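All remarks here apply to the structure that follows.
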Amino acid sequence: MAPELRPAYLIAGSDWPKVDAAIARLRAHFPEESVEQFSAGGDQPVDVAGACNALGLFGGRRLVLVRNAEALDDDAVADILAYLADPAPDTVLALFGGGGITPKHALAAAVAAVGDVRLFDAPERKQAAEWVVRRLADLGVSCSSAVARRLVDLAGDDVGDLALEVEKLAAYCAGAEARVEDVELLVIPRADVKPWDITDAWGRRDTASVIALATTDVERPEDVGRLIAQLASHVRKVHRAAVLLDDGGSQADVARDLNLKPFPAGKLVGQARAFAREDLGRAVVRLADLDLAVKGGSRLDARFELELALAEITGG
C-alpha cells in the first residue's frame, strides 16, 4: 500500500545529516523516473512551479525535489506561493535547504498550510553530546552521556564530523550499548587544522594564511605528502569547475559533474572565479612537481619546498 504523502514538504536546517536522511526517505517512495530534481542558486532561474504543473512522462505520482531552497529568487518564491494555493494532485513538491530557511520564511507558512515543515538546527557545543545520544538511538544503539561527551571531545562539535563518527560507532556496536572503550577505539581525534581551512585560505588567495595553516602540523615528509594529495585533489576540482564555467555551465552543472552538494559546489565556483583558468592549470602541474620533489626529487627540505609551492599557486 502506497504511503499517504502531503502535497508539499519543506525540510531545512544546519543539521544537514538529518536533512539528507529526510531526502532519502522521501525519495524512496518514488521510482527514479518519477523524480525531477532542481538546485537553486545557479546561473539559470529555476521554474519550480512550472515543473510541478507539468504532466509526468510516465503518469502517476511524481516528486519535484528542490535543493538549496534558500537560494530561490523572489520571482521563483512568488510562483511557488501561488502554486501552493492550488497544488497539482499527483505531484509532491519537496523543498530542501540549509540554515537560511527559518520559520518566518515565506515558504514556511505556505508549505505548512498544505503540507509538512521540518527545520533541523545543528547542535550548539553544549548540546552536542545530547545530539549524539539521540542520533545513536535513531540508529538502534544506546549510550550514556559520558560516552557521548567523550565522542564530542575527540571528534569536535561539527555536525558533519559527529554524524560520520556516530554512524561508524553504530555499525560497530550493532545494536549493543556503546562504551567509552568503543569510542576510544573507533573515533579519530580531530585535527587542529581542518583541510577546508587550508583550501578556503587558498581560494581567498591569502598566501600568508595558507602557509601558516598548511605547515601547522607538518613534522615529517609523509605529512607533506598527505597535504599535497588533499590540496591537489581540491585544485583539480576547482580547475574542472573553471572549465565548465568557461564552457557556459552553471553551479548546478558543476555540482552534477563532480557529484557535489550545492554548498561545496558553490565554494568551488567562487574559487574558480578567483583564479584565471590558466593559473589553475599551472597550479595542478606545480603540485605534481612538488609531490615529486618531496619524494626524493629535490635535496631541499620538504617543508621548504611546500612553502615555495604554496606561495606560487596562491599568490600567482
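The values are calculated or read from the model by the stated rules, or taken from the named source; none is laboratory data. Here the structure is a predicted model, which is why all the values come from computation and not from measurement. Note: ideal-geometry Cβ built from the backbone for every residue, glycine included; neighbour counts use all protein chains shown.
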- Task: Taking L306 as the residue in question, decide whether it is in a helix (DSSP H, G or I) and either over 16 Å from the mean Cα position of the chain (by Cα) or at negative phi (or both).
- Result: yes
- Selection from the range 35-50 of residues over 25 Å from the mean Cα position of the chain (by Cα) and buried (at least 18 other Cβ atoms within 10 Å of the Cβ) yields A49
- Query: Give me the pairs: first residue in the range 174-188 and of a type in the set (D, E, K, R), second residue surrounded by 14 or more Cβ atoms within 10 Å (Cβ to Cβ) and not in a loop (DSSP other than H, G, I, E, B), beta-carbon distance under 7 Å, and six or more apart or on different chains, which are they?
  - Reply: R179/V147; D182/L169; D182/Y172; D182/C173
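Of the residues that sit in the range 173-189 and are part of a helix (DSSP H, G or I) and hydrophobic (A, V, I, L, M, F, W, C), which one is surrounded by the most Cβ atoms within 10 Å (Cβ to Cβ)?
Going through the qualifying residues, I end up with V183.
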- Note on the structure: How many residues of the range 1-16 are under 16 Å from G100 (Cα atoms), modelled with pLDDT under 90 and either of a type outside the set (G, A, S) or not in a loop (DSSP other than H, G, I, E, B) (or both)? The answer is 2
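Among the residues of the range 265-275 satisfying the criterion of being part of a helix (DSSP H, G or I) and of a type outside the set (K, R), which is farthest from the chain's Cα centre (by Cα)?
Checked the range 265-275; the qualifying residue farthest from the chain's Cα centre (by Cα) is A272.
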- Message: A148 - would you say it is assigned to a helix (DSSP H, G or I), out of contact with any Phe, Trp or Tyr (no Cβ under 7 Å at 6 or more places or on another chain), crowded, with 17+ Cβ neighbours inside 10 Å and small (G, A, S)?
- Response: yes
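Quick grid of which residues meet (1) assigned by TED's automatic domain parsing to the domain that holds G156; (2) touching a helix residue (DSSP H, G or I) at 6+ places or on another chain (Cβ under 6 Å); (3) among the small types (G, A, S); (4) farther than 20 Å from A40 by Cβ:
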residue	(1), (2), (3), (4)
V92	no, no, no, no
G99	no, no, yes, no
A108	no, no, yes, no
W131	yes, no, no, yes
R134	yes, no, no, yes
D138	yes, no, no, yes
- Task: Of all residues in the range 53-103, count the ones that are farther than 15 Å from R27 by Cα, under 22 Å from the mean Cα position of the chain (by Cα) and of a type in the set (A, V, I, L, M, F, W, C).
- Result: 4
- Task: Give the number of residues within the range 131-173 that are over 24 Å from K194 (Cα atoms), free of Cβ contacts under 8 Å to residues at least 24 places away in the same chain and of a type outside the set (G, A, S).
- Result: 4
- strands (runs of 3 or more DSSP E) within the range 33-140 that include 2 or more residues closer than 24 Å to V254 by Cβ: 35-39, 62-67, 91-97
- Item | Residues that are touching a residue at least 40 places away in the same chain (Cβ under 8 Å) and either among the acidic types (D, E) or assigned to a helix (DSSP H, G or I) (or both), drawn from the range 241-264 | Q251, A252, D253, A255, P262, F263
